[in-house]
Amino acid sequence: MEKFINHIQLGYLGLIPFLGCVGWPLVFGSNSINLEFFTFYSIAILAFMAGNLWRAGEQRYSDAVKAVLPVIPVPFLAFLPVEWALGWLAASFWLVLLFEKATAQWQTYHKDYQKMRVVLTSVVFVCHILIIGMSIYPK
């Protein structure tokens, strides 16, 4: 468990910007900067999480595909309405978790870490849904 305690703490700390972006419009009103920050932060975290699947040197071709599949469409999201882009990002967090759970490595993770990953993915998904709602109905 000790080797995962930092991962767990950092995981929950990583929620602060997501939650902050959800809370910001409730206090200060909606604005495009908040929406852009949320989107870019989401892309960065998704790329980081997908990158953790990479495991260079010990992977099969199918594992490499799983590592890049969620992030390859990201540049094309710029051509979509922001709500669609956020929908893709929200779904991609679940996709990364499903890919991670399918690895042999997942079974070696501490149960607290596994639980944290499910909780974080759930909270991040809900944050995306709330931000999508706030962008559709800004007032």
Would you mind checking the tilt of helix 15-28 against the longest principal axis of the Cα atoms of the chain, expressed as 0 to 90 degrees and rounded to 10? 10 degrees
Need one number: convex hull volume per residue for the chain, Cα atoms only, in Å³. 103 Å³
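Count the lysine pairs in the chain whose Cα atoms lie under 22 Å apart, taking only pairs 8 or more positions apart in sequence or on different chains. Please list the in-between numbers first.
Working: LYS3/LYS101; LYS3/LYS111; LYS3/LYS115; LYS66/LYS101; LYS66/LYS115; LYS101/LYS111; LYS101/LYS115.
Lysine pairs satisfying the spacing and distance rule in the chain number 7.
Hey, fewest Cβ within 10 Å first, where do THR103, THR121 land in order? Please report the intermediate quantities before stating the final value.
Numbers: THR103 15, THR121 19.
The fewest-first ordering by Cβ neighbours comes to THR103, THR121.
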Pop a pseudo-label 7 angstrom from the Cα along the beta-carbon direction at both TYR61 and VAL119 and give the gap in nm to one decimal. 4.0 nm
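Sorted from fewest to most neighbouring beta carbons within 10 Å, what does the list PHE48, PHE79, PHE37 look like? Don't jump to the answer; show the numbers that get you there.
Numbers: PHE48 12, PHE79 8, PHE37 15.
In order of increasing Cβ crowding within 10 Å: PHE79, PHE48, PHE37.
Only the coordinates and a few stated rules stand behind these numbers; no lab work does. Computed from a prediction, not measured in an experiment: that's the story for all the values here. Note that we place each Cβ from the backbone using ideal geometry, even for glycine, and neighbour counts take in every protein chain shown.
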